[in-house]
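A short worksheet on the structure shown next.
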Amino acid sequence: MQKIIIAIDRLNMAVGKLFGWAVVIMTLAICYEVFMRYVMRAPTAWAFDAGYMLYGALFIMAGAYALATAAHVRGDVIYRLWPPRVQAGMDLFLYLLFFFPAMIALLYAGYHFAEMSWRIGERSSMSPAGPPIYHFKTLIPVAAFFLVLQGLAEVMSCIMCLVNGKWPPRLADVREVDTEAAKEMLGEATPETVTRR
């Protein structure tokens, strides 16, 4: 199971990092728009659409990456005090009760939403340029698929913890400096491969 978990983590980290480049493209587009608008006095018709579409793509496709790296916000004041088996049991219960039904509903509804958008050749009504948006709506079921896949890795991690009494090691990625400083103060280790709880 550990190899499957690591493979899913790697896949979702790669997808998240790929879509992270949307920030660079979005920044370049906005800088170009600012230059054209305020220096050349000739604003573009596409920059607004490019900005919100790229941001939306980044936001939705980063969900599985955030789950893989334990970057989601968690109210863990009490959770941290529980032994690993209790944490794993609670996580498993919540994944089965809330996460999977929501992600399967998003996958199902998102597929039909994207399919309808492709069928009618949907275009943006937010600007005069009216760029096509059906390809961006396709990211809804794609993101749901990656989230379901990462959810399976999380469930396997919970099962391993329930069996072994400790969280299995997971891949680590870039962390915020203040988070690492807090861990140092608390005496928690931050190796290359970490136990994420």
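FYI, it's all coordinate maths here, none of it is from the lab. Every value quoted in this text rests on a predicted model; they were computed, and no experiment measured them. Note that we place each Cβ from the backbone using ideal geometry, even for glycine, and neighbour counts take in every protein chain shown.
Can you name the number of the only condition in (1) β-branched (V, I, T); (2) outside any helix (DSSP H, G or I); (3) under 30 Å from T44 (Cα atoms) that V77 fails?
(3)
Failed condition for L54, given (1) within 26 Å of A22 (Cα to Cα); (2) surrounded by fewer than 12 Cβ atoms within 10 Å (Cβ to Cβ), with all others met?
With (1) within 26 Å of A22 (Cα to Cα); (2) surrounded by fewer than 12 Cβ atoms within 10 Å (Cβ to Cβ) applied to L54, the lone miss is (2).
Only one of M36, M40 is surrounded by 12 or more Cβ atoms within 10 Å (Cβ to Cβ) and either in contact with a Pro (Cβ under 9 Å, 6 or more places away or on another chain) or closer than 30 Å to G130 by Cα (or both); which?
Testing whether each residue is surrounded by 12 or more Cβ atoms within 10 Å (Cβ to Cβ) and either in contact with a Pro (Cβ under 9 Å, 6 or more places away or on another chain) or closer than 30 Å to G130 by Cα (or both) leaves just M36.
So, in the stretch 30-73, how many residues would count as being hydrophobic (A, V, I, L, M, F, W, C) and in contact (Cβ under 8 Å) with a residue 12 or more places away in the chain?
The number of residues fulfilling the criteria is 18.
Output the residues belonging to the stretch 92-126 that are among the aromatic types (F, W, Y) and either surrounded by 13 or more Cβ atoms within 10 Å (Cβ to Cβ) or over 16 Å from I140 (Cα atoms) (or both).
Listed by number, the residues that qualify are F93, Y95, F98, F99, F100, Y111, F113, W118.
With respect to F145, is the statement that it is aromatic (F, W, Y), buried (at least 17 other Cβ atoms within 10 Å of the Cβ) and either on the phi > 0 side of the Ramachandran plot or in contact with a helix residue (DSSP H, G or I) (Cβ under 7 Å, 6 or more places away or on another chain) (or both) true?
no
Quick check: is even one residue across the stretch 102-117 closer than 24 Å to F19 by Cα, touching a Lys or Arg at 6+ places or on another chain (Cβ under 8 Å), touching a residue at least 60 places away in the same chain (Cβ under 8 Å) and hydrophobic (A, V, I, L, M, F, W, C)?
no
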